[in-house]
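The values are calculated or read from the model by the stated rules, or taken from the named source; none is laboratory data. Keep in mind that what you see is a predicted model, and the values were worked out from it rather than measured. Here the Cβ is made from the backbone with ideal geometry for all residues, glycine too, and neighbour counts use every protein chain on show. Surface accessibility is based on the protein's heavy atoms, side chains included, excluding ligands, DNA and RNA. Shrake-Rupley method; radii C 1.70, N 1.55, O 1.52, S 1.80 Å.
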Amino acid sequence: MVNLSRRRLFSRTKVNDNALRLPWLKSSSNFVNDCTRCGKCIENCENKIIIKGEGGFPTLDFSIDECTFCYQCAEVCPEPLFESQNSEPWRAEIVINDKCLAFKNIECRSCSEVCESRVIQFKPELGKVAQPKLNLDECNGCGACVSVCPTSSINVRNVDNNER
Ligand code: SF4
Ligand code: SF4
Ligand code: SF4
């Protein structure tokens, strides 16, 4: 049960609701109203990628490691915040910013090498090193490509249902 007085307190807390939270959340937008910040998900994440974010609410840090979709965070949460494991964990995909070495004409394919879904493929281009081409329909938002990027050029973001 969520303690209602604490819930009201948190709902007044200013928190960035665009932060990528946890997989299988029923509602990212209501998360800060319903999460009690008990920290059980943080303790139980097998890759330790859940950290205390803004306002002490759990958020993901893919600079540590990837999400293995183990479902432990959802399993241990005492609140009814999560969908069942057989549903889609989230709608999330990567964005590559302009710090990417390939954009600066420096050879690098680190992200592509770790992406099992083959979302990031490098295509030769005339007069340049091979450039990343994205097949975002196949991106599951696991974040494995984030920590291997030497210039921290990749972010995983939430995607609205009507964006894809
Ligand atoms: S699904 Fe597993 S690896 Fe992913 S955030 Fe939850 S506990 Fe961590
Ligand atoms: S286990 Fe659930 S209620 Fe506790 S901090 Fe994590 S998401 Fe919030
Ligand atoms: S987030 Fe995962 S699936 Fe998406 S591009 Fe990166 S490694 Fe591939």
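Across region 35-67, which residue is farthest from ligand 1 (Cβ to nearest atom) among those that are without any contact (Cβ under 8 Å) to a residue 40 or more places away in the chain and assigned to a loop (DSSP other than H, G, I, E, B)?
If we take residues in region 35-67 being without any contact (Cβ under 8 Å) to a residue 40 or more places away in the chain and assigned to a loop (DSSP other than H, G, I, E, B), then ARG37 is farthest from ligand 1 (Cβ to nearest atom).
How about region 51-70: which of its residues are open to solvent by less than 30 Å² (accessible area, probe 1.4 Å) and out of contact with any helix residue (DSSP H, G or I) (no Cβ under 8 Å at 6 or more places or on another chain)?
GLY53, GLY56, THR59, LEU60, CYS67
So if I check each of ILE106, ILE96, ILE120, which one is surrounded by fewer than 13 Cβ atoms within 10 Å (Cβ to Cβ), at pLDDT 95 or above and assigned by TED's automatic domain parsing to the domain that holds SER152?
That would be ILE106, the only listed residue that is surrounded by fewer than 13 Cβ atoms within 10 Å (Cβ to Cβ), at pLDDT 95 or above and assigned by TED's automatic domain parsing to the domain that holds SER152.
Could you please let me know if LEU134 is at pLDDT 95 or above and open to solvent by less than 30 Å² (accessible area, probe 1.4 Å)? Quick ask: steps written out before the conclusion?
Values: at pLDDT 95 or above: yes; open to solvent by less than 30 Å² (accessible area, probe 1.4 Å): no.
No, not satisfied.
Would you check if VAL95 is in a strand (DSSP E or B) and among the β-branched types (Val, Ile, Thr)?
So VAL95 fits the description; yes.
From the list ALA74, ALA102, exactly one residue is more than 16 Å from ligand 2 (Cβ to nearest atom) and out of contact with any His (no Cβ under 8 Å at 6 or more places or on another chain). Which is it? Full working, then the answer.
Working: ALA74 fails: more than 16 Å from ligand 2 (Cβ to nearest atom).
Result of the check over ALA74, ALA102: ALA102.
Of the residues in region 31-50, how many are touching a strand residue (DSSP E or B) at 6+ places or on another chain (Cβ under 8 Å), open to solvent by 60 Å² or more (accessible area, probe 1.4 Å) and farther than 15 Å from PRO78 by Cβ?
Residues in region 31-50 being touching a strand residue (DSSP E or B) at 6+ places or on another chain (Cβ under 8 Å), open to solvent by 60 Å² or more (accessible area, probe 1.4 Å) and farther than 15 Å from PRO78 by Cβ: 0 in total.
Got a sec? Which of ILE42, ILE64 is within 13 Å of ligand 2 (Cβ to nearest atom) and among the aliphatic types (A, V, I, L, M)?
Among ILE42, ILE64, only ILE42 is within 13 Å of ligand 2 (Cβ to nearest atom) and among the aliphatic types (A, V, I, L, M).
Do we find that GLU79 is touching a helix residue (DSSP H, G or I) at 6+ places or on another chain (Cβ under 7 Å), surrounded by fewer than 18 Cβ atoms within 10 Å (Cβ to Cβ), touching a residue at least 12 places away in the same chain (Cβ under 8 Å) and part of a loop (DSSP other than H, G, I, E, B) in this structure?
Yes.
Going residue by residue through region 114-130, is there one that turns out to be within 17 Å of LEU20 (Cα to Cα) and either touching a Cys at 6+ places or on another chain (Cβ under 6 Å) or not in a loop (DSSP other than H, G, I, E, B) (or both)? Don't jump to the end; show me each part of the working.
If we filter region 114-130 for residues that are within 17 Å of LEU20 (Cα to Cα), which is where we start, we get none.
No: zero hits.
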